[in-house]
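Here's the structure, in structure tokens; my notes come after.
The values are calculated or read from the model by the stated rules, or taken from the named source; none is laboratory data. Just so it is clear, the structure is predicted and the values come from calculations on it, not from any experiment. With ideal geometry, Cβ positions are generated from the backbone for all residues, glycine too; neighbour counts draw on all protein chains shown. These accessible areas exclude ligands, DNA and RNA; they are computed on the full protein's heavy atoms, side chains included. Shrake-Rupley method; radii C 1.70, N 1.55, O 1.52, S 1.80 Å.
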Amino acid sequence: QQAFNGNSRRKLFGVFGTVNLGWQETLFLELSGRNDWSSILPNDANSFFYPSVSLGYVFTETLGISNSGIFPYGKIRASYSQVGNDGGNAFIYATNSYYSGATWGGDGFIATGGLFPEFGLNAFDRDGLLGNAALKPELTTTIELGADLKFLNNRLGLDLTYYQSLTTDAIIAVAVAPTSGFTSTVQNAAEISNKGIEAVFTATPVEIGDFSWDMLVNFTQYENVVEKLADNVESIGLAGFVSTTSRAIEGEPYGSLFGNGYLRTDDGELVIGQDGWPLVDPEAKILGDPNPDYVIGFNNTLTWKGLSISALLDIRKGGDIWNGTYGIMKTFGTAKSTEEARTIKGYVFDGVVNTGTAESPNYVDNTTPVDFYDPNRPVGQNAWNRYAFGGLPEDNIQDASWVRLRNVSLSYNLPSSLLEKGPFQRVKATISGRNLFLATGYTGIDPETNLTGASNGFGLDYFNNPNTKSYSFALDLTF
């Protein structure tokens, strides 16, 4: 084994100012601005400024109903803001050209020479970064509209938000042709839009004596789309392997899963070869979208005197993940699904056979039976490993929906009567547990994990480490 140690330094200086104005508890205006100077950017262009403005109007004050129990509070708000970004620690030396040591991919499946297999990098290519002296900060501009409403003496609340943002000059590592002598460069490579809605509903359904039940539901739905890429850039590999990548593709959701799939007709029917097996499309394509359809957080808190118990249920609907672990296990014949596959004989795939030409196809229904396993033929022709090492990526795209018990906590505040003669004003003990339960149709370790961690590329599982359960005990003492 070899150990490596590296040091990198980044300087970021910032000046920030804000002004808050209010009028008769009805109108609120906030103005702010920030200017940063970053060592990541070129010396002559390392300063960037970004402002924001927000306006709030409490209309229940104007209507004179703020003292009513039915509708005591209503506020509408709007804001315009910009946020600048120098790229962060991942791109500290992006303006300089340099090489790092040669690397070896190991199993022939991992993209060697970096994360950009489209240029056919071999296993001994060095990871060279071509400096970009014209790098600019990326800028995200956001417009937000919302309303905060409370009802029934504040026992019911609703916070609604609609937002849309556009990130311009997004800083992303982009592959360059090997003829340049480098493998990648950091560019202002994309424009990315993000729009969505957020709704937070709060309620106190029960409040009797010393007992109360508080509830919070948080709903989020958004679309994250690559609106534009830099000139001469067709797509950007964010993370992944030779067969499957998470990519930025113009006009598609950010992080789309890209790789090889089955050949299909324009109507989506599977095209079968003369031997009865489905054909592989020679052109790689989008296989899935890792972004969820929506996310819901559902938290309940029960309180009785000094005792309190709360639980947070985390629900995600939709979104795709590539289960590379399952693909590899199928290839090696160790996945549970290959046990049943060994017994399947005379199977006829539902699809069509082209009896014409590629230019003038003539499709007829497939009628050719196949055996998934035959001990007398080469191993590579078995159903579970005939489509190359790691399987066909399309076969391993799965739904990433889940329901999980994100957090449970039990706490107790000692009554003040027991603390009168002691040194403490407050003593609170809390026991909590995190990630205690998961329900999902995903066959991998956990659809929340990601191969490359908190990175631009997501929706990839290749022997990922499992999510962890954790338990904690806290004692809060106030003198």
**Message:** Let me check I've understood the local charge: for Thr355, count other residues with C-beta under 15 angstrom from its C-beta, Lys and Arg +1, Asp and Glu -1. What total comes out?
**Reply:** -4
**Mean accessible surface per residue for segment 155-303, computed with a 1.4 Å probe while every protein chain stays in place, in Å²** = 46
**Whole-Å distance, taken between Cα centres, linking segment 294-335 and segment 351-399** = 34
**Asked** Near Leu436, within a Cβ-to-Cβ distance under 9 Å, what is the net charge of the other residues, with Lys and Arg +1 and Asp and Glu -1?
**Response** +4
**Request:** Filter the cross-link list Lys285/Lys317; Lys195/Lys317; Lys75/Lys228; Lys11/Lys136; Lys150/Lys428; Lys317/Lys469 down to pairs whose alpha-carbon distance in this structure exceeds 27 Å.
**Result:** Lys75/Lys228; Lys150/Lys428
**Complete:** Over all pairs of different Cα atoms in segment 237-321, the reciprocal of the mean inverse distance gives a Kirkwood radius in Å of 16.5
**Complete:** With -39,500 (n - 2.57) per DSSP H segment of 4 or more residues and division by the full residue count of the chain, the 222 nm estimate, nearest 500 deg cm²/dmol, is -1000 deg cm²/dmol
**Message:** Which one, Tyr98, Ser32, Tyr50, projects farthest toward the positive side of the charge dipole computed for segment 1-103 from Cβ point charges (K/R +1, D/E -1)?
**Reply:** Tyr98
**Prompt:** Can you give me the Cα centroid spacing of segment 12-51 and segment 183-208 in angstrom?
**Reply:** 22
**Request:** For segment 193-278, divide the Cα radius of gyration by the Kirkwood radius and give the resulting Rg/Rh value with two decimals.
**Result:** 1.30
**Asked** Size of segment 128-245 along its principal axes in angstrom, Cα-based, largest extent first?
**Response** 76, 30, 21
**Request:** Send over the Kirkwood Rh of segment 179-237, from the inverse of the averaged 1/r over different Cα pairs, rounded to one decimal Å.
**Result:** 16.4
**Message:** Just want the answer: with Cβ charges of +1 for Lys and Arg and -1 for Asp and Glu, which residue in Phe182, Ile197, Asn224 is farthest toward the dipole's positive end in segment 175-232?
**Reply:** Phe182
**Request:** Quick one: net charge around Asn85, please, counting Lys, Arg +1 and Asp, Glu -1 for every other residue with C-beta under 10 Å from its C-beta.
**Result:** -4
**Prompt:** Can you tell which of Gly261, Gly74, Thr245 lies farthest toward the positive end of the dipole of the chain, using +1 and -1 charges on the Cβ of basic and acidic side chains (Lys, Arg; Asp, Glu)?
**Reply:** Gly74
**Request:** Please give the per residue volume of the convex hull enclosing the alpha carbon atoms of segment 270-395, rounded to a whole number of Å³.
**Result:** 180
**Request:** Could you tell me what percent of the accessible area of the chain is made up of carbon and sulfur, with a 1.4 Å probe and every protein chain present?
**Result:** 55
**Request:** Could you run the Debye sum over the Cα atoms of segment 247-295, one equal point scatterer each and no solvent, and tell me log10 of I(q)/I(0) at q = 0.30 Å⁻¹, two decimals?
**Result:** -1.08
**Spherically averaged projected area of the chain from its Cα convex hull (nm²)** = 33.4
**Item:** Test item: Cα-centred dipole of the chain, Lys/Arg +1 and Asp/Glu -1 on Cβ, debye
**Value:** 1920
**Message:** With N set to the number of residues, divide the alpha-carbon radius of gyration of segment 402-463 by 2.2 N^0.38 Å and report two decimals.
**Reply:** 1.93
